[in-house]
1. Simple spin-label model, 7 Å along Cα-to-Cβ: residue 168 to residue 272 in nm?
2. Can you tell me which lysines have their Cα less than 18 Å from the Cα of residue 9? Leave out same-chain residues fewer than eight positions away.
3. Compare the peptides 91-100, 291-300 by average per-residue count of other Cβ atoms within 10 angstrom and give them in order, highest first.
4. Report, ordered by chain and residue number, the aspartates and glutamates lying within cross-link reach of residue 38, taken as a straight Cα distance under 13 Å and ignoring same-chain residues fewer than 8 apart.
5. May I ask you to work out the translational diffusion coefficient for the stretch 39-116 at 37 °C, viscosity 0.692 mPa s, via Stokes-Einstein with Rh from the Kirkwood sum over Cα pairs, reported in whole µm²/s?
6. For the chain, report the translational diffusion coefficient in µm²/s to the nearest whole number, using Stokes-Einstein at 20 °C, 1.002 mPa s, and a Kirkwood Rh over Cα pairs.
7. What per residue convex hull volume, in Å³, do the alpha-carbon atoms of the stretch 150-224 yield?
8. Using bins 10 angstrom wide from zero, how does P(r) for the stretch 174-300 break down, in % of all Cα pairs?
Amino acid sequence: MADFDPVTKAVVPAAGLGTRFLPATKATPKEMLPIVDKPAIQYVVEEAASAGLLDVLMVTGKNKRSIEDHFDRAFELEEALEAKGDEHRLSQVREPASLATLHYVRQGEPKGLGHAVLCAKHHVGDHPFACLLGDDLIDHRDHLLRRMIEVRNTFGGSVIALMEVPKESVSLYGVATIEPTDEEDVVRVTDLVEKPPADEAPSNWAIIGRYVIDPTVFEVLEQTPPGRGGEIQLTDALRTLAARGPEEGGPVHGVLFRGRRYDTGDKLDYLRTVVKFAADRQDLAPEFVPWLREFLDEIS
Ligand code: G1P
């Protein structure tokens, strides 16, 4: 195995306006919306930490306060729970602050995902890093990020996560042109296009929100003009890197993910995710699942 610089930092873009969830997101970042009883962003930080990435940079927008507070200690609340002897809730309240070291940088203007990643340049420096998008939750049993880091350690360059989606959905994603490698779940990415119309998509392999990125992406992003939607697209910068050799920051590989991904990007996906998570919880499922069955009978 070549001796590549290890991946130790994670970048989590969290500056979106959350317009699809208004009015809930008027004063609360969408990343703080709960999936059962934890904000979505906590699952993302847990995922980074369990892949060994204990340095997490959040790229925030306007409403960053509640995110910072969530990953900080809450002494008053802790004292109150301590006084009551409520050890269980006390550990739940303390947990977010103990997961990783959180850092924050602001994305002044909403100029797109590529621009959000560029805001991480100073913190990340000249090292490969992971990028995790909060709209996609990956089941903690599936270890996608760990596999992607392994692939980066074998091939260098950047690694994206790809999932097969139905043709009618490709226009919601970045889509990859791929070639097989000797490893069954790894492909070489030869081209990328952001949100193509279904009839122009080069494949059904969609980028999902996990990336391991070579630091050369920063200079590429600085030169990347606004693309789809007038925004600076990470997909466009990765496309440039996919065409390069190892000495210039390439190549790009893809890990084909066939595990459980939960989309929280819009209201319906969010509802599905909450129901799935609740049905998977040992403390809730015994009551929730039979109720859900009855309820479905009732309305059908
Ligand atoms: C972003 C990326 C897109 C990717 C998607 C995954 O789009 O630009 O390439 O497929 O995340 O969720 P967004 O969903 O933020 O519009």
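1. 1.3
2. By straight Cα distance, residue 9 reaches 121.
3. Averaged packing, sorted descending, gives the order 91-100, 291-300.
4. Correct list for residue 38: 46, 95.
5. My calculation gives 236 µm²/s for D.
6. Values: Rh = 20.2 Å.
Rounded to a whole number, D works out at 106 µm²/s.
7. On the way: hull volume 7.3 nm³, N = 75.
Output value, Cα hull per residue: 98 Å³.
8. Binned Cα distances yield the sequence 11, 30, 26, 16, 13, 3, 0.
FYI, it's all coordinate maths here, none of it is from the lab. Computed from a predicted structure; not experimentally measured. Methodologically, a virtual Cβ is constructed for each residue, glycine included, from the backbone with ideal geometry; neighbour enumeration extends over all protein chains shown.
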